[in-house]
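Here the structure comes first, spelled out in structure tokens, and everything after it is commentary.
The values are calculated or read from the model by the stated rules, or taken from the named source; none is laboratory data. Everything numeric in this text was worked out from a predicted model, so none of it was measured. Cβ placement follows ideal geometry from the backbone for every residue including glycine, while neighbour counts extend to all protein chains displayed. In case anyone asks, the SASA skips ligands and DNA or RNA and just uses the protein heavy atoms, side chains included. Shrake-Rupley method; radii C 1.70, N 1.55, O 1.52, S 1.80 Å.
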Amino acid sequence: KGRLDALTAPVFESEVRKLTDEGAKAVILDMEELVFVSAAGLRAILSLAKSLRAVQGEIRFAGLQTAVQEVFAISGFTKLFPIHPSVAEAAAD
């Protein structure tokens, strides 16, 4: 929700680390309310993806807003990760 940037990325990393530490192997990030992602946010996402891949897990994204979709496209994330219009579609994939 809001922004994933240098200020919020550490909180994001901490929260998702809890999930992976508890054994989560598949994570769907609902980004419907995310309006901005910075390089720090992208690094945090990559860190999560690496953690999940290490345990044969995966990350999926849902509900990207236009600005976030553009950043994902420019950074190549749209080629690296499954992106879905909604959480329901991401879960069904």
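Here is how the numbers come out for the structure above:
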read-out: Residues within the range 13-31 that are without any contact (Cβ under 8 Å) to a residue 40 or more places away in the chain, surrounded by 11 or more Cβ atoms within 10 Å (Cβ to Cβ) and not hydroxyl-bearing (Ser, Thr, Tyr), tallied; value: 10
read-out: The lone exception for LEU29 - which of (1) within 14 Å of LEU19 (Cβ to Cβ); (2) assigned to a helix (DSSP H, G or I) it fails; value: (2)
read-out: Check on VAL35, free of Cβ contacts under 8 Å to residues at least 40 places away in the same chain, open to solvent by 50 Å² or more (accessible area, probe 1.4 Å), part of a helix (DSSP H, G or I) and β-branched (Val, Ile, Thr); value: no
read-out: Residues located in the range 1-12, provided they are part of a helix (DSSP H, G or I) and surrounded by 18 or more Cβ atoms within 10 Å (Cβ to Cβ); value: ALA9, PHE12
